[in-house]
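For reference, the structure discussed in these notes is given below.
The values are calculated or read from the model by the stated rules, or taken from the named source; none is laboratory data. What you see is a predicted model, and the numbers here were worked out from it, not measured in a lab. As a convention, Cβ positions derive from the backbone with ideal geometry for all residues, glycine included, and neighbour counts pool all protein chains shown. What goes into the accessible areas is simple: the full protein's heavy atoms, side chains included, and nothing from ligands, DNA or RNA. Shrake-Rupley method; radii C 1.70, N 1.55, O 1.52, S 1.80 Å.
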Amino acid sequence: MPRDVLVAQAVFDLMARTDGFDVLELMHDLTTHTVRLVEVRSAGVTVLDSDGRVDYLTASDEACRRLEEDQVELDEGPCLDSTRSGSVLGPVSLRPPGPGRWPRFTSRARAAGYSSVASVPLRVSQGTVGAVNLLHSGPRSMTGVDLQLVQVLADTAGICMHQRRTLMVRNEVIAHLETALDSRIVIEQAKGMLAARLGSDVQDAFARLRAHARSRQLKLTDLAHLVVHGHIPAELDRTL
């Protein structure tokens with residue numbers, strides 16, 4: 001079946017990483033495959049830092065990014081619960097009356113047009129290091145099979161992080177994720193600068209950065225550093 005082929009390609013893409021790969025790029029690819037295969041509106045990744053705090057790492061679009069940041073700021077929401085518990089959450093409907101445990105998050109998510117949420121844990125062999133969060137707005141509800149598929153993708157990414165040149169224990173994986181959190185800030189600065197320069201929205205600017213990095217086999221973080229410091233490749237420095 002065509003979808004089976006897409007699933008196999010996604011698993012292969014998440015596993016086929018060269019030594020020294022960028023963890024942030026891996027997580028972004030995870031959200032991209034999730035949105036395409038499960039047909040949810042948005043997907044994001046939250047992770048634990050070395051102090052056990054939950055932080056937003058990446059998201060498939062700007063609306064999801066803002067809600068991930070809101071959850072961290074409000075200290076409530078499905079991605080925080082799933083990251084902290086290490087368990088599957090949902091699907092949970094956000095339609096009125098909605099879940100009473102996330103009143104502020106639910107209000108903001110409904111205002112952004114989302115109708116249901118779900119999360120699956122991001123795991124390595126020694127335990128949970130984060131969660132993959134799904135935000136849905138269509139009439140079709142997410143199913144248990146959808147969550148099983150996302151769990152397979154998340155587990156594949158977890159295996160990829162674990163099976164680097166040397167096997168890493170959970171704390172080492174978290175240290176790499178903290179580096180990715182720092183990289184996220186640089187990438188957000190770069191896409192903002194590029195969007196302002198080209199007169200585009202930040203989502204289009206990020207797509208340009210990602211495509212340029214991939215076509216030239218550059219790390220997205222390295223390209224973002226160049227842009228932030230004013231060294232914008234000619235191929236990117238073109239008006240729309």
Original post:
Can you tell me which of 81, 22, 75 is over 24 Å from residue 189 (Cα atoms), of a type in the set (D, E, K, R) and touching a Leu at 6+ places or on another chain (Cβ under 9 Å)?
Top reply: 81
Original post:
With 95, 84, 140 as the choices, which residue is open to solvent by 50 Å² or more (accessible area, probe 1.4 Å) and either closer than 22 Å to residue 26 by Cβ or in a helix (DSSP H, G or I) (or both)?
Top reply: 84
Original post:
Which of the residues belonging to segment 8-21 are in contact with a Lys or Arg (Cβ under 9 Å, 6 or more places away or on another chain) and crowded, with 19+ Cβ neighbours inside 10 Å?
Top reply: 10
Original post:
When you scan segment 118-137, how many residues do you find that are without any contact (Cβ under 8 Å) to a residue 40 or more places away in the chain and open to solvent by less than 10 Å² (accessible area, probe 1.4 Å)?
Top reply: 2
Original post:
Any residue at all in segment 5-16 that is at pLDDT below 90 and farther than 18 Å from residue 155 by Cβ?
Top reply: no
**OP:** Please state which of the following conditions residue 113 fails to meet, knowing it meets all the rest: (1) modelled with pLDDT of 90 or more; (2) surrounded by fewer than 22 Cβ atoms within 10 Å (Cβ to Cβ); (3) at negative phi.
**Re:** (3)
Subject >> Verdict on residue 118 being under 15 Å from the mean Cα position of the chain (by Cα) and under 26 Å from residue 221 (Cβ atoms) >> reply: no
**OP:** Could you list, in sequence order, all residues of segment 98-110 that are open to solvent by less than 60 Å² (accessible area, probe 1.4 Å) and at pLDDT 90 or above?
**Re:** 102, 105, 106, 109
**OP:** Check segment 50-57 and report whether any residue there is out of contact with any helix residue (DSSP H, G or I) (no Cβ under 9 Å at 6 or more places or on another chain), in a loop (DSSP other than H, G, I, E, B) and open to solvent by 40 Å² or more (accessible area, probe 1.4 Å).
**Re:** yes
Original post:
Considering segment 69-126 alone, what residues qualify as being more than 20 Å from residue 150 (Cβ to Cβ) and β-branched (Val, Ile, Thr)?
Top reply: 72, 106
Subject >> Total residues in segment 98-131, condition assigned to a strand (DSSP E or B) and among the basic types (Lys, Arg) >> reply: 1
Original post:
Only one of (1) closer than 24 Å to residue 188 by Cα; (2) in a helix (DSSP H, G or I) fails for residue 44. Which number is that?
Top reply: (2)
Original post:
If residue 39 passes every condition in (1) farther than 20 Å from residue 7 by Cβ; (2) surrounded by fewer than 23 Cβ atoms within 10 Å (Cβ to Cβ) but one, which one does it miss?
Top reply: (1)
Subject >> Residue ID - least open to solvent (accessible area, probe 1.4 Å), chosen from residues in segment 171-185 that are farther than 19 Å from residue 160 by Cα and either without any contact (Cβ under 8 Å) to a residue 12 or more places away in the chain or among the acidic types (Asp, Glu) (or both) >> reply: 185
Original post:
Within segment 186-240, restricting attention to residues that are surrounded by fewer than 18 Cβ atoms within 10 Å (Cβ to Cβ), within 20 Å of residue 20 (Cα to Cα) and of a type in the set (Gly, Ala, Ser), which residue is modelled with the highest pLDDT?
Top reply: 211
